[in-house]
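What follows is a short report on a single structure.
The values are calculated or read from the model by the stated rules, or taken from the named source; none is laboratory data. Since we're looking at a predicted model, the values are computed, not measured. As a convention, Cβ positions derive from the backbone with ideal geometry for all residues, glycine included, and neighbour counts pool all protein chains shown. Only protein heavy atoms, including side chains, enter the accessible area calculation; ligands, DNA and RNA are left aside. Shrake-Rupley method; radii C 1.70, N 1.55, O 1.52, S 1.80 Å.
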Number of protein chains: 2
Amino acid sequence: MFKKRDNIKEVEEGKYLEPKFDKNGLIPVIASDFKTGDILMHGYMNDEALKKTIETKEAHYWSRSRNKIWHKGQTSGFVQIVKEIRIDDDQDSVWLIVDIGDGASCHVGYRSCFYRSVPLGEINNTENLKMEFKENKKIFDPKKVYRDEPNPTKL
Amino acid sequence: MFKKRDNIKEVEEGKYLEPKFDKNGLIPVIASDFKTGDILMHGYMNDEALKKTIETKEAHYWSRSRNKIWHKGQTSGFVQIVKEIRIDDDQDSVWLIVDIGDGASCHVGYRSCFYRSVPLGEINNTENLKMEFKENKKIFDPKKVYRDEPNPTKL
């Protein structure tokens, strides 16, 4: 759908969008908060989700758990308004800068999915690494919002 | 190596680090700039790279092009000092907050790998999407730094 990648110099230094999708047809996507700069989530898009995101200026992802295009906020109401889209040097990952107002991005209820911090330094036992919570307040109650929808988290 | 994932509630709401590596043994990693908040790069780690990063407080990745652990900055000198590591709700992606001083993260020579911005709005032709450069100055000359090393960008 997008311009064909046929020249590494063009991919790296050119002006044309030539995204690389992996063998499952997906490209990883980072969404960061327009206001705070915090990273909100990490997801994936297929070519159609990327096109819809560019055109509608609302983030669309590929849900790997539901195996379909996912208009973020469809259930929760927490739509991500896209302020800017960046792509990296080899065009195999995407960065969205999004406005979520006072909303949340995380299906567990927190504002950012990255609400836990890993301890740094020497490890005595990798099975016993206790993290610190950086967000203490949930923005919404997932049970009320998602009701009977299956949890996207897989073991 | 890390704690076994055997309970979704624990993965999402627990204190223990229980990262999920994909079938290639990798987890996606985002590195953002401690000073500016900008996203610098998107990469991958295997379990050993994650352990080394936690212990040494310097970012280690898995190089998919070279198929080995990659101590970022080994060739270029632009080491990433890790200020914080966060993990997301289902523990299948990692966010590093790093200090690179006045250095660069991008093998093309720019400070951030995400130096191009995708135009938003209605698309007439997906093969003709012209991006805008957001960084104009290279921090280093990749030819001088990497010499004969193969370019990691693949078509």
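Here are a few things to note about the model shown:
- Residue check, B:Leu40 more than 8 Å from every other protein chain (Cβ to nearest Cβ) and either among the small types (Gly, Ala, Ser) or within 29 Å of B:Phe114 (Cβ to Cβ) (or both): yes
- The set of residues in region B:108-138 being within 7 Å of chain A (Cβ to nearest Cβ), more than 19 Å from A:Val29 (Cα to Cα) and in a loop (DSSP other than H, G, I, E, B) consists of B:Val108, B:Glu122, B:Ile123.
- Odd one out for A:Ala49, checked against (1) buried (at least 22 other Cβ atoms within 10 Å of the Cβ); (2) in a loop (DSSP other than H, G, I, E, B); (3) among the small types (Gly, Ala, Ser): (2)
- Residue in region B:19-31 that is in contact (Cβ under 8 Å) with a residue 40 or more places away in the chain, charged (D, E, K, R) and either in contact with a helix residue (DSSP H, G or I) (Cβ under 9 Å, 6 or more places away or on another chain) or more than 29 Å from A:Thr153 (Cβ to Cβ) (or both) present: yes
- Within region A:81-107, the residues that satisfy the criterion of being open to solvent by 20 Å² or more (accessible area, probe 1.4 Å), outside any loop (DSSP other than H, G, I, E, B) and either out of contact with any strand residue (DSSP E or B) (no Cβ under 8 Å at 6 or more places or on another chain) or within 7 Å of chain B (Cβ to nearest Cβ) (or both) are A:Glu84, A:Arg86.
- Taking the listed residues A:Lys68, A:Lys51, the one that is more than 8 Å from chain B (Cβ to nearest Cβ), more than 16 Å from B:Gln91 (Cα to Cα) and of a type in the set (Lys, Arg) is A:Lys68, with no other qualifying.
- Within this structure, B:Asn151 passes the test of being over 30 Å from A:Lys57 (Cα atoms), in a loop (DSSP other than H, G, I, E, B) and not hydrophobic (A, V, I, L, M, F, W, C).
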